[in-house]
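A short worksheet on the structure shown next.
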Amino acid sequence: MGAWISSWPSGAGAVDPPALPVLLCLPPAGAGCQQFRPWQAAFDGVAQVHGVQLPGRENRWREPMPATFGEAVEAVVAELSAVLAGRRVVVFGHSFGGLLGYEVARRVDPSALVALVVSGCRAPSYWDGAGRGIVDDESELDKLFDTAGLDPAFLDEETRALMVAMLRKDAVLSLSYAYGGGKPLGVPVHAWGADADETVSAEELSGWAAVTSARFAMHQVPGGHHAVLRRPEVVQEHLAGLLRGAAALPAG
C-alpha cells in the first residue's frame with residue numbers, strides 16, 4: 001500500500017524542512033497530487049509542501065479505491081500526525097479536495113491547525129449527492145474535466161478514457177459523504193471562487209462561513225472552475241502569508 005501523503009525536496013539553501021510549517025494540498029477529483037510538486041519552489045523557506053494522494057492514480061495507479069469517503073479521511077489523518085510532528089499546518093484543497101481537506105482539518109489537533117483554504121468547492125452542506133451528476137451526466141463531467149498542462153497531442157482517446165474513469169471513481173466516493181454538522185473549526189476559513197465557474201455558485205461558496213467560529217473570507221479570480229490551479233500565483237501568495245504567520249507562533 002502506497003503512502004497517502006507525498007512531499008518533495010526543498011531548494012538548495014532552504015530552511016531545514018522540519019523547522020517549517022506544513023502546507024497540505026489536496027487535488028480535485030480525477031487528479032493526483034504531483035501537480036503540487038512545482039509549488040515547493042514557491043514556498044522554499046516558508047513551508048514544506050505535502051500532497052494528498054488517493055489510490056487509483058499516478059504512483060498509486062494499481063491500488064483499489066477506499067470503500068467510503070470516511071475511510072479515505074481516516075487514512076490521511078493517520079499519516080498526517082507523523083508528518084506534522086509538532087509543526088503547524090495550513091490545509092488547502094481544490095474542488096473535491098476542498099471537501100476532503102475540510103474533514104481532515106476537523107480531525108487535526110486544534111493547536112496545530114492554522115487555517116483552511118478551499119477553492120472551487122461548494123460548502124459541505126451542499127455536497128450531499130453532488131457527485132451524482134458527474135457519475136450519470138456526461139455534460140456535467142465535461143465541466144470538471146481539466147486538461148490544463150497536458151499536451152493535446154498526448155491526450156488520445158485511451159488517455160482521456162482513463163482520466164474520465166478516475167474522475168468518476170472520485171465522484172462515486174463523494175456519494176458516500178454525508179455532512180453531519182458538528183463543532184465549527186476554530187480557525188479562519190478562506191473560500192476562493194472564479195467568476196465563470198459553472199459548477200459552484202456564489203451561494204454554495206459562501207456556505208463555508210457556517211463551518212468556522214473564526215474569520216471567514218471569500219476571494220474571487222477570473223476564469224472557470226480550475227482557474228485557481230491554472231494560475232496559482234495569487235492563492236500561493238495568500239497561503240504564504242498564512243504560513244509566515246504560523247511560523248511566527250509556536251504550536252500549542
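The values are calculated or read from the model by the stated rules, or taken from the named source; none is laboratory data. Owing to the predicted nature of the structure, the values given are computational and were not obtained by experimental measurement. Virtual Cβ from ideal backbone geometry, glycine too; neighbours counted across all protein chains shown. Please note that ligands, DNA and RNA were not included when accessible areas were found on the heavy atoms of the full protein model with its side chains. Shrake-Rupley method; radii C 1.70, N 1.55, O 1.52, S 1.80 Å.
Results, tabulated for the structure shown:
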quantity	calculated
Residue selected from the range 90-104 under the condition open to solvent by less than 10 Å² (accessible area, probe 1.4 Å) and among the small types (Gly, Ala, Ser), by the criterion nearest to ASP170 (Cα to Cα)	GLY97
Selection within the range 6-28 - more than 20 Å from ALA115 (Cβ to Cβ), at pLDDT 90 or above and not hydroxyl-bearing (Ser, Thr, Tyr)	TRP8
Selection from the range 56-75 of residues that are surrounded by 18 or more Cβ atoms within 10 Å (Cβ to Cβ) and either in a loop (DSSP other than H, G, I, E, B) or in contact with a strand residue (DSSP E or B) (Cβ under 8 Å, 6 or more places away or on another chain) (or both)	GLY56, ARG57, PRO66
Number of the condition not met by ALA78 [criteria: (1) modelled with pLDDT of 95 or more; (2) among the small types (Gly, Ala, Ser); (3) buried (at least 23 other Cβ atoms within 10 Å of the Cβ)]	(3)
Lone qualifier among ARG37, ARG107 - being within 30 Å of ARG160 (Cα to Cα) and open to solvent by 20 Å² or more (accessible area, probe 1.4 Å)	ARG37
Tally of residues being within 18 Å of GLY98 (Cβ to Cβ), charged (D, E, K, R), assigned to a helix (DSSP H, G or I) and modelled with pLDDT under 95 across the range 195-252	1
